[in-house]
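Quick notes on the structure that follows.
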Amino acid sequence: MVTKLIEEKHPRPFLILAKPLAYLKIPPNLITFSALLFGLITALMLIQHHLILAIVFGLISAYCDTVDGLVARLNNQRTSFGRLFDVTSDKIVEIMLGLGFAVIAPDFLIPGLLWGFLATTGGILVSVISNVGLSETSKKPFKLLDRGSRGLLGLLGLLLALFLGDLFITYFLIIVSLLSYLTVLSLFIQYYFLLKNKKA
């Protein structure tokens, strides 16, 4: 839902965030690389249990990840490689953040490491199904949980963990796991009706 808001609606607040970098002519690929770098630093901070630093670097990474595409559009610098680089770096950060959360998540019902695995693979499956679906139809089905929403939930989980204990990291992973796999199921059903009469 959050990603759709950024990519399709381009509300004024996101454009305001992007305009300073567009004005400075910062290359979009450099912004994408910055999102990757700060995302990896965030994962490292998580693994070392520096939650405040993880939040700070995570917000910087999220900012860069949010505006790179907007800067490319504002400066007419959109390229196929830039899109590929953006998607690839996004998945690398997702995997590493999932690992970071999994390492520090306390056990609840099942090991915290497994909740981290489920949350990460669920998110990746949503992306894979979406990308394949978009290659078959221009119609975009509703996503219960997208990458932007997962990021906001992660931030909320870290904030709650700071004040109420690490178990809220596990709660965050459980919520993301359940919503991600529900999103996978929902996308399958929606794409079934969108594609059932289309020939390969």
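Every number in this text was worked out from the coordinates using simple rules, so none of it is lab data. Keep in mind the model is a prediction, meaning the values are calculated, not measured. Please note: Cβ atoms are built from the backbone with ideal geometry, for glycine as well, and neighbour counts cover all protein chains shown.
Between Ile124 and Ile16, how high is the FRET efficiency from 1/(1 + (r/R0)^6) when r is the Cβ-Cβ distance and R₀ = 22 Å? Nearest 0.05.
Efficiency, from the Cβ-Cβ distance: 0.10.
As a quick test, which of the pairs Lys19/Lys140; Lys25/Lys139; Lys140/Lys196 have an alpha carbon distance above 26 angstrom in this structure? Mind dumping the intermediate values first?
On the way: Lys19/Lys140 28 Å; Lys25/Lys139 33 Å; Lys140/Lys196 15 Å.
Flagged as over cut-off: Lys19/Lys140; Lys25/Lys139.
What full-extension length gain, to one decimal in nm, is calculated for Ser135 and Asp107 as 0.36 nm per residue of separation minus the Cα-Cα distance? Walk me through the intermediate numbers first.
On the way: separation 28, 0.36 × 28 = 10.08 nm, distance 3.91 nm.
Additional length available on full extension: 6.2 nm.
Between Ile95 and Phe33, what length comes free when the chain is fully extended (0.36 nm per residue of separation minus the Cα-Cα distance, one decimal in nm)?
20.7 nm
With point charges of +1 on the Cβ of Lys and Arg and -1 on the Cβ of Asp and Glu, referenced to the Cα centre of the stretch 2-194, which listed residue (Thr170, Gly157, Ile47) lies farthest in the positive direction of the dipole?
About the Cα centre, the residue reaching furthest to the positive side is Gly157.
Separation between the Ile47 and Leu162 pseudo-spin-labels, each 7 Å from Cα along Cα→Cβ, expressed in nm?
Result for the modelled spin labels: 2.3 nm.
Starting from the Cα gyration tensor of the stretch 50-113, multiply each eigenvalue by 5, take the square root, and state the resulting semi-axes largest first in whole Å.
They are 31, 14, 7 Å, listed largest first.
What Kirkwood Rh does the stretch 2-194 have if only Cα atoms enter the pairwise 1/r average? Answer in Å.
Here the Kirkwood hydrodynamic radius works out to 17.2 Å.
Using DSSP H assignments, which helices in the chain have an axial alpha-carbon span of 20 Å or above and a mean Kyte-Doolittle hydropathy of 1.6 or higher? Can you show the working numbers first?
Values: long enough: 28-47 (29 Å, 1.98); 51-74 (34 Å, 1.70); 80-104 (37 Å, 1.09); 112-136 (37 Å, 1.26); 147-164 (25 Å, 1.52); 167-195 (41 Å, 2.04).
Passing helices, by number: 28-47, 51-74, 167-195.
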